[in-house]
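Input: a single structure, listed below in structure tokens.
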Amino acid sequence: MEKARNIVIFGGNGDLAMRKLLPALYHLYAEDLLQEKSCIVGIARKVMTQDEYRHFTKQALQDFVEKDFYDEVKVRTFLEHVVYVQLDAYDKNAYEALNIVLNEKGDVNKGSVFYFATPPELFQIIGGHLNDMQLTNAVSRIVVEKPIGTDLQSSITINEQLAALFPENNIYRIDHYLGKTSVQNLLALRFANRLFEPLWSQDNIDSVQITCAELVGVEGRWDYYDNAGALRDMVQNHLLQLLCLVAMEPPAQFDVKSIRDEKIKVLRSLRPLVDMDVLTNTVRGQYRSGVVNDTVLPAYTSEAGQGKKSDTETFVAMRAYVDNWRWAGVPFYLRTGKRLTRRYSEIVIQFKPVSHAIFSQPLTANRLVIRLQPNQEIKLILMNKEPGLSSDTKLEPVPLNLSLLESFRTQRSPGAYERLLYDAIKGDGRLFMSRYEVEEAWRWIDNVLQGWEKMQMPVSYYHAGGMGPMQSDQLLSEDGRQWLNPNFDEI
Ligand code: BG6
């Protein structure tokens, strides 16, 4: 089994490090997937002693590792691998401190994984100084995360800055949705089974729905979020990546290039939504206050203190088309929002009805549901006959259920960051995005953003705790369809 290199986190005391990266590294360590000598270097500008940073890390693990997997002994030995380097990213000479630590830790081949958990404005500065100080070479790995730009032009600028410093193959662009186990399972489902591929086209599929619903609001990120909005924050990346995995052609091989090439083709086939198109194909929503479980939740505009004004969207629903041979005429309905009824993400493939009815009762057309969270499962809804001797055949839609945890009897499935960090450590880029994917996604989103501005697309309001504004339901009812919400009591 391939073991790890040193992992250097710029933004080592930030939110991402605290909530995701340090807990993920702890899990890798606990599973014995980090090399005995590997060290985790947290980097930030703040003055902190080693003890203070280890205390910060321990607190992060206490808060964000599930209780059942928090093991005092393992935590203690894990913390021995954690080192803090105080450094101002702009100050080239300060990188000498990092150099000393990495040399001490035996980073002889300069193969560290550098995670830039910082605003993108710093990518060029940090990358440039790392190169100048010869802390990187052809085997180093650079991990970056969204926002990779706020539109096409800014994403090109960031990508070009990175390209001037590192070869594309060494850059790992994270979309954490691709690290979710069910997402990888979608590829297995499509390309390791004979059953689905012949049905996977406009011949048999009526429509596709992709929902990423969140219960939380903006969680103290108002300043970032108010400039971004749900379209940039969720659709440009997570939802379009999921759409790509559903719509892509089978790659010739399961390798980085083949997968990325197929995803890019999908993004290029997305029908542009230009000007007036946004009025009929998109919905922008924002939450007002609402009551959930007897608790009054504040409106979006109150989350940053009273009296704020904003027409930023916290909800988006849209109808998209992939204009190619396979998907001609099949609508892809995308929906995401904050402060919705439940946290869940799901892809629903709605098949067409049977071509000829021989039973007297109405039938429910087959449906394949791939749930990413909170639980990971795949369900195929089939029509079945109710047991019994009655001469009337009574049919019921029944789910054929594949729960990943139950089927594989695993205690836990690895979190998205765990999977992706481990892949970056191993040098496996299949679940990461190329610069061209990011840029193609922005190209499509840019049209929508420009259309919204040009058409002065209003926001429609919804109550916190609901499933978005009524315009979102209308988007589908105009097509004679409806959102296929799960049974919320079950999730
Ligand atoms: C992030 C967004 O990319 O994804 C957040 O910036 C959002 O606003 C989060 O809350 C959702 O991720 P998950 O894994 O909780 O669905």
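The values are calculated or read from the model by the stated rules, or taken from the named source; none is laboratory data. Not measured: the values here are computed from a predicted model. With ideal geometry, Cβ positions are generated from the backbone for all residues, glycine too; neighbour counts draw on all protein chains shown. Note: accessible area is taken over every heavy atom of the protein model, side chains too, but ligands, DNA and RNA are not part of it. Shrake-Rupley method; radii C 1.70, N 1.55, O 1.52, S 1.80 Å.
Give me the number: length gained by fully extending Met470 to Arg190, i.e. 0.36 nm times residue separation minus the C-alpha to C-alpha distance, one decimal in nm.
Length gained, Met470 through Arg190: 97.4 nm.
Spin-label model, Ala328/Glu72: points 7 Å from Cα along the beta carbon direction are separated by 6.8 nm. Which shape class applies to region 1-67: rounded if a/c is under 1.5, otherwise prolate when a/b exceeds b/c and oblate if not, where a ≥ b ≥ c are the square roots of the Cα gyration tensor eigenvalues? Oblate is the answer for region 1-67, as a/c is 1.5 or above yet b/c matches or exceeds a/b. Per residue, the chain exposes 46 Å² of accessible surface when a 1.4 Å probe is rolled over the protein heavy atoms with every protein chain present. Going by alpha carbons, how many degrees (0 to 90, nearest 10) lie between the helix axis of 181-191 and the longest principal axis of the chain? Once rounded, one gets 60 degrees. Sequentially through region 21-36, phi angles give Karplus couplings (6.51, -1.76, 1.60; θ = phi - 60°) of 6, 5, x, 5, 5, 4, 4, 4, 5, 4, 8, 6, 9, 9, 4, 3 Hz, Gly and Pro residues having no value and appearing as x. For the peptides 261-270, 194-203, 387-396, residues were scored by their other Cβ atoms within 10 Å and the scores averaged per peptide; the highest-first order is 261-270, 194-203, 387-396.
Close amide H partners of Val398, meaning residues 5 or more places away or on another chain with modelled amide H under 5 Å apart, are Leu382, Met383, Asn384. Tally up the carbon and sulfur contribution to the accessible surface of region 116-186 as a whole percent, 1.4 Å probe, everything protein left in place. Here it works out to 53 percent.
Take every Cα pair under 8 Å whose residues are at least 6 apart in sequence, average their separation, divide by the length of region 56-158, and the relative contact order is 24 percent.
Name all residues of region 94-134 having a backbone nitrogen under 18 Å from the label point set 7 Å from the Cα of Phe64 along its Cα→Cβ direction, giving them as ranges. The answer is 114-120, whose backbone nitrogens lie closer than 18 Å to the label point. For region 452-491, backbone nitrogen atoms closer than 12 Å to the point 7 Å from Asp275 Cα along Cα-to-C-beta are found at 454-455.
Restricting the calculation to alpha carbons of region 330-395 gives Rg and Dmax of 16.2, 49 angstrom. Classify region 384-491: rounded, prolate or oblate, from the alpha-carbon gyration tensor (a ≥ b ≥ c, eigenvalue square roots; a/c under 1.5 rounded; otherwise prolate if a/b is larger than b/c)? Verdict is oblate for region 384-491. Between Thr136 and any residue 5 or more places off or on another chain, the built amide H atoms are never under 5 Å apart. Taking the helices alone, the chain has a mean residue ellipticity at 222 nm of -9500 deg cm²/dmol, built from -39,500 (n - 2.57) per DSSP H run of at least 4 residues and averaged over all its residues.
Rolled with a 1.4 Å probe across the full set of protein chains, the surface gives Thr280 an accessible area near 80 Å². Note on Glu249 and Phe351: with the Förster distance fixed at 25 Å, the Cβ-Cβ geometry gives a FRET efficiency of about 0.80. With all protein chains in place and a 1.4 Å probe, the accessible surface of region 261-412 carries 52 percent carbon and sulfur. A simple charge model with +1 on the Cβ of Lys and Arg, -1 on the Cβ of Asp and Glu and nothing else charged puts the dipole of region 280-383 at about 40 debye relative to its Cα centre. Given their separation in residues at 0.36 nm each and the Cα-Cα distance between them, Ser391 and Asn485 gain 30.5 nm when the chain is fully extended. For the pair region 233-282 and region 46-101, the centres of their Cα atoms are 38 angstrom apart. Scaling against 2.2 N^0.38 Å puts the C-alpha radius of gyration of the chain at 1.03.
Mind ranking 397-403, 421-427, 5-11 by how tightly packed they are, going by the mean number of other C-beta atoms within 10 angstrom, highest first?
Those peptides, ordered most packed to least, come out 5-11, 421-427, 397-403.
Aspartates and glutamates within cross-link reach of Lys394: Cα-Cα under 16 Å, excluding same-chain residues under 8 positions apart? Candidates past the 8-residue exclusion: Glu386.
Close amide H contacts of Phe351 (hydrogens built in the peptide plane, cut-off under 5 Å, sequence separation of 5 or more or a different chain): Asp206, Asn366, Arg367, Leu368. With a/c under 1.5 counting as rounded, go ahead and sort region 119-240 into rounded, prolate or oblate using the C-alpha gyration tensor (a ≥ b ≥ c being the square roots of the eigenvalues; past the cut-off, prolate if a/b is larger than b/c, else oblate). Oblate.
Restricting attention to the chain, close to 60% of DSSP beta bridges with both partner residues there are antiparallel.
In terms of distances greater than 28 angstrom between alpha carbons, the cross-link table entries Lys180/Lys338; Lys20/Lys265; Lys67/Lys257 yield Lys20/Lys265; Lys67/Lys257. Here the peptides 89-96, 466-473 are ranked by packing, the mean other Cβ count within 10 Å, and the order with the highest first is 466-473, 89-96.
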